[in-house]
């Protein structure tokens, strides 16, 4: 004990210097937007690289399961392509991008960090600004909703998961088009809550719940899950419990969706709001 005290006395000036440096840096970051943003990006990049290495190790021990998922995903995509080319709707859609004949573009990414046991869960992906990823892009897995890109660094992106109390999305019952607001209540990672569906709507256990397409982030028709239960809790609306189609504990690969007409849509909506003020 005496030796430890003597050692601390010998280096107490150095320790004081370190404490003052830390305090100075914290003041600089807290009071300057540029330094704060650089620090946030640096932290996100460092955290992303750590989780990427950890994910690579985990992935090595689950290659067989990942290969099976990729086979299933390829089969699903082949089925979608076949059904799309057989559909007359392909020739009647309103297409704004005359060059690529699409409103959305998709790019794959790998999950390098994920959580499901918190009230505000986030996911880290191995793509960022260099790969064209921006905030407010949608994220899906196997054709089902995952979340929305929240922040990006040069090579990584953080995604606000559907399993986050701050996440809300417009959703509808596929068979009849009645729409409402879907969110997570922080309890079961398998289940979300759909509100604002009127009592006169025809809903049954097993009905598909999909994105409504009303937001500028998610395309219409992305699967969210299936009705597991529903009840009337006063008023004129149902409380619907939706069993999520995404298993958030088995996320390995996802697709990031960019809306090519998002800016145009937001601009015209803002003009409409201003004109009515």
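The values are calculated or read from the model by the stated rules, or taken from the named source; none is laboratory data. In this text the structure is predicted, and so the values were computed from the model without any measurement. Note: ideal-geometry Cβ built from the backbone for every residue, glycine included; neighbour counts use all protein chains shown.
Residues are listed down the side, and each one gets a yes or a no for (1) surrounded by 13 or more Cβ atoms within 10 Å (Cβ to Cβ); (2) touching a helix residue (DSSP H, G or I) at 6+ places or on another chain (Cβ under 9 Å); (3) modelled with pLDDT under 70:
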position: 56; (1), (2), (3): no, no, no
position: 81; (1), (2), (3): no, no, yes
position: 104; (1), (2), (3): yes, no, no
position: 134; (1), (2), (3): yes, no, no
position: 139; (1), (2), (3): yes, no, no
position: 144; (1), (2), (3): yes, no, no
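Within region 161-183, which residues are under 17 Å from residue 210 (Cβ atoms) and in contact with a helix residue (DSSP H, G or I) (Cβ under 8 Å, 6 or more places away or on another chain)? Scanning region 161-183 gives a single hit, 162.
Restricting region 153-167 to residues that are surrounded by fewer than 23 Cβ atoms within 10 Å (Cβ to Cβ) and within 13 Å of the chain's Cα centre (by Cα) leaves a set whose member that is farthest from residue 186 (Cα to Cα) is 158. Can you name the residue in region 195-204 that is in a loop (DSSP other than H, G, I, E, B) and surrounded by 12 or more Cβ atoms within 10 Å (Cβ to Cβ) and is also farthest from the chain's Cα centre (by Cα) among such residues? Here the residue is 201. Of 186, 225, all but one fail to be part of a strand (DSSP E or B), within 30 Å of residue 112 (Cβ to Cβ) and out of contact with any helix residue (DSSP H, G or I) (no Cβ under 6 Å at 6 or more places or on another chain); the exception is 225.
Any residue at all in region 209-218 that is over 17 Å from residue 148 (Cβ atoms) and surrounded by fewer than 15 Cβ atoms within 10 Å (Cβ to Cβ)? Among the residues of region 209-218, not one is over 17 Å from residue 148 (Cβ atoms) and surrounded by fewer than 15 Cβ atoms within 10 Å (Cβ to Cβ), which makes the answer no.
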